[in-house]
1. Starting from the Cα of Val69, step 7 Å along the direction of its Cβ; do the same at Ile57; then give the gap between the two resulting points in nm.
2. Restricting to bridges with both residues inside the chain, how much of the DSSP beta-bridge set is antiparallel, in percent to the nearest 5?
3. Glu81 versus Thr13, label points 7 Å from Cα toward the beta carbon: distance in nm?
4. Treating the beta-carbon of each Lys and Arg as +1 and of each Asp and Glu as -1, no other charges, what is the dipole magnitude of the chain about its Cα centre, to the nearest 20 debye?
5. Evaluate the relative contact order of the chain (contact order divided by residue number), counting alpha-carbon pairs under 8 angstrom at least 6 apart; express in whole percent.
6. Can you give me the orientation-averaged projected area of the convex hull built on the Cα atoms of the chain, in nm²?
7. Say each of Phe26 and Thr89 gets a label point 7 Å from the Cα, pointing the same way as Cα to Cβ; how far apart are those two points in nm?
Amino acid sequence: MPLTIDYVEISVTDMHAARDFYGAAFGWTFTTYGDQYSGIRTTAELGSEGEEAGGLILAETVTRGGPLVLLYAEDLDDAVERVTESGGTVVNGPYEFPGGRRFHFLDPSGNELGVWSTS
């Protein structure tokens with residue numbers, strides 16, 4: 001669809017820790033393009049490898065407060081557990097909002113993301 005978000009890059013300070021975290025917390029897989037960049041793969045459809053939906057890019061530092069990336073989860077409580085068990089830190093919530101429930105977390109590099117669910 002024209003003029004919609006097509007690709008998101010997340011700055012990280014430790015590429016290996018970031019891939020380990022997002023792989024463990026959300027089952028993400030990556031295409032590695034050296035030590036500086038890893039492409040985030042979409043969920044593969046039957047018979048395909050999926051496509052890239054974004055990337056992890058190595059940075060010297062990470063600053064909170066930019067655009068907030070929100071992920072969707074069928075089971076929010078399970079997502080909270082997976083984030084914390086994988087090394088993330090919940091910084092807000094879970095809390096209710098008019099569309100359901102959500103929480104915010106920090107990844108190992110200090111990026112703040114959110115997860116929401118309709119229930």
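We did not get these values from a lab; they are worked out from the coordinates using the rules stated. Just so it is clear, the structure is predicted and the values come from calculations on it, not from any experiment. Cβ placement follows ideal geometry from the backbone for every residue including glycine, while neighbour counts extend to all protein chains displayed.
1. Result for the modelled spin labels: 1.2 nm.
2. Approximately 70 percent, going by the DSSP bridge assignments.
3. 3.1 nm
4. 260 debye
5. About 26 percent, as a whole number.
6. It is 8.4 nm².
7. Between Phe26 and Thr89, the simple spin-label model gives 2.0 nm.
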